[in-house]
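The values are calculated or read from the model by the stated rules, or taken from the named source; none is laboratory data. Just so we're clear, the structure is a prediction, and the values are computed from it rather than from any experiment. No Cβ is skipped: glycine too gets one built from the backbone with ideal geometry, and neighbour counts run over all protein chains shown. Heads up: the accessible areas ignore ligands, DNA and RNA and are worked out on the full protein's heavy atoms, side chains in. Shrake-Rupley method; radii C 1.70, N 1.55, O 1.52, S 1.80 Å.
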Amino acid sequence: MYIVVAGGGEVGGELARTLEKAHEVVVIDRNPQARERLGSLDVKVVVGGATDPDTLREAGVDRADLFIACTDSDEVNLLASLLAKGLGSRQVLCFVGKGGYVDVLADPRTAEILGTRIDKVLWPQRAMAREIVEVILVPGAVDVELLAEGRLRFVEYRVKEGGPYAHRLLGEMAWPEGVLVVGVVRDGTFLSFAHPLFPGLVLEPGDKLLFVTTARAFPELEAHFAVGREVRRVMILGGGNVGFMVAQELLKRRVEVVLIEASRERCEWLSQELPEALVIHGDGTDIELLEAEGMAEADVVVAVTDNDEKNLLASLLAKQLGVGKVITRVSRSETRRLFEQVGIDLALAPRQAAVRSVLDFLGPENVEHVSTMDENIELLEVELPEASKAKPLRHLALPEVVPVALERDHRVMLYREDLEALPGDRLFLVAAREVADEALAQILR
């Protein structure tokens with residue numbers, strides 16, 4: 001496909017990296033430095049504004065199979081999308097950050113006026129907020145995904161120094177019935193349960209253990225890792241779209257929320273929209289303010305300002321004060337691993353959700369990219385075609401990609417060597433990104 005990406009920032013750059021191998025990609029960016037920043041990729045960079053018709057023509061929008069608008073401005077994205085469709089792009093994806101735009105564009109009356117000019121509006125901040133809430137509500141976990149309408153859970157825990165699993169042989173550990181150990185992530189590398197090194201693997205601090213569990217077995221697994229009380233108080237630093245949505249969801253669950261925001265005008269709006277939250281006007285890196293407002297008493301701290309440095313400083317302070325779980329928003333890919341190395345429990349980037357959304361749009365209708373871990377490990381959901389053949393799960397289990405569960409007629413089953421995937425089944429896989437496409441092609445045959 002010929003794909004034009006408007007915006008060469010974090011989201012656009014990551015999309016270009018993901019798409020360049022299988023597609024012809026052109027990136028539009030106003031900053032001339034984009035050429036140097038994306039120089040290692042096999043993509044063409046056009047310097048100019050995404051709403052300039054001449055720039056769009058230079059990028060070849062008239063022959064584009066897909067136009068993706070993902071600049072930092074919602075208004076630019078919307079106008080660029082309309083122009084691209086008008087100039088001849090077959091399909092258009094538009095990223096927005098404000099929920100109001102999503103509501104308006106989803107209105108049938110708006111769709112009638114715009115016709116089919118925008119094929120899909122994507123809102124990655126919403127997906128990020130939901131992920132943060134799920135992780136908050138599971139003590140001890142650093143990542144959580146609900147599968148099969150909640151009948152299965154994918155959970156990720158980090159091995160901690162001094163904890164019960166550090167320096168122990170993984171193959172000798174016993175887990176509750178209804179729990180499957182999917183594998184281990186060590187230094188960004190995924191070792192599945194089918195990897196030859198897996199049985200003799202000795203867990204080290206910093207390793208991440210991946211599990212899939214039934215809803216019934218989950219509380220017992222959680223008891224192995226959860227420490228302390230349930231989550232009662234959460235402090236959120238940054239009252240932007242993500243911070244607002246996280247606070248909104250937590251208040252519905254009767255969790256006490258303290259929200260600190262630097263903009264006085266935004267604080268006034270938040271106070272009106274979230275009357276049950278304690279909204280404080282201040283700087284999220286003001287140590288005296290954070291201590292005075294009881295950061296040390298928070299069960300979880302969520303740092304989601306639009307500044308990585310501020311998020312890191314606030315997160316480090318939270319860890320120093322003994323906060324049990326710290327979740328941080330990261331915009332730059334090179335800092336994500338750094339955040340985790342200094343003890344942050346979970347560093348999330350909106351671009352991860354953005355890439356998943358685009359891959360789902362481009363890929364077969366029966367494949368969904370559910371989650372991305374450590375930048376290069378995918379959790380996939382695949383509905384097997386009716387024309388496919390029965391596949392023994394043991395034949396699909398490889399060192400870097402494994403089937404972990406399947407759903408059949410609303411019944412869920414964890415991986416077993418004697419289990420077969422049948423046409424119409426919904427299959428859940430965990431795979432290293434570099435082998436995911438090849439594995440999907442084999443499964444969908």
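Highest GNM mean-square fluctuation among A64, A16, A292, for the chain modelled with Cα contacts below 10 Å: A292.
With viscosity set to 0.692 mPa s at 37 °C, what whole-number translational diffusion coefficient in µm²/s follows for the stretch 215-367 from Stokes-Einstein and a Kirkwood radius over Cα pairs?
Details: Rh = 16.6 Å.
The estimated diffusion coefficient comes to 198 µm²/s.
Length available on full extension from E204 to D418: 0.36 nm per residue minus the Cα-Cα distance, which gives 73.9 nm. As a calculated quantity, the FRET efficiency between V104 and L169 at R0 = 45 Å, using C-beta atoms, amounts to about 0.20. Taking amide H atoms as placed 1.01 Å from N in the peptide plane, the amide H of V45 lies under 5 Å from those of V27, each 5 or more residues away in sequence or on another chain. Averaging Cα coordinates gives a centre for the stretch 382-445 and one for the stretch 120-153; these two points are 22 Å apart. When the solvent-accessible area of the stretch 230-381 is split by element, carbon and sulfur atoms take up 45 percent of it, the probe being 1.4 Å.
Helix content alone sets the calculated 222 nm mean residue ellipticity of the chain: runs of n ≥ 4 DSSP H residues at -39500 (n - 2.57) each, divided across all residues, give -9500 deg cm²/dmol. Highest GNM mean-square fluctuation among E145, E383, E172, for the chain modelled with Cα contacts below 10 Å: E172.
Using the Karplus relation 6.51 cos²θ - 1.76 cosθ + 1.60 with θ = phi - 60°, the per-residue 3J(HN,Hα) values for the stretch 395-400 come to 6, 9, 7, 10, x, 10 Hz, with x marking Gly and Pro. Using a cutoff of 8 angstrom between alpha carbon atoms and counting only pairs six or more residues apart, the relative contact order for the chain works out to 11 percent. Within the straight-line cut-off of under 25 Å between alpha carbons, the lysines reachable from K160 are K208, K319, K325, sequence neighbours fewer than 8 places apart in one chain being disregarded. Based on alpha carbons, the Rg and Dmax found for the stretch 3-87 are 11.2, 32 Å. Taking θ as phi - 60° and the Karplus parameters 6.51, -1.76 and 1.60, the scalar couplings of the stretch 364-376 work out to x, 4, 8, 10, 10, 8, 6, 7, 10, 10, 6, 6, 9 Hz in sequence order, x denoting glycine and proline. Based on protein heavy atoms only, the chain ends up with 45 Å² per residue of surface accessible to a 1.4 Å probe.
For the options R433, R351, R63, a Gaussian network treatment of the chain with springs between C-alpha atoms closer than 10 Å singles out R63 as fluctuating the most. Listed values for the stretch 12-22 are Karplus-derived 3J(HN,Hα) couplings in whole Hz (6.51 cos²θ - 1.76 cosθ + 1.60, θ = phi - 60°), namely x, x, 5, 5, 4, 5, 6, 9, 4, 6, 9, and x replaces Gly and Pro. Amide H contacts for A405 (H built 1.01 Å from N in the peptide plane; partners 5 or more residues away or on another chain; cut-off under 5 Å): Y415, F428.
Comparing L82, A64, F95 along the charge dipole axis of the stretch 55-96, the residue lying farthest to the positive side is A64, per the Cβ-charge model. Once both labels are positioned 7 Å from their Cα atoms along Cα-to-Cβ, the gap between R394 and R151 label points is 2.5 nm. Measuring r between the beta carbons of R445 and E276 and using R0 = 51 Å, the FRET efficiency lands at 0.45.
Here the spin labels are modelled as points 7 Å beyond Cα on the Cα-Cβ line, and at L289 and Q248 they lie 2.4 nm apart.
Around the amide H of Y165, modelled in the peptide plane, lie the amide H atoms of K160, all under 5 Å away and 5 or more residues distant in sequence or on another chain. How many angstrom lie between the C-alpha centres of the stretch 267-314 and the stretch 11-40? After rounding, the separation between the Cα centres reads 35 Å.
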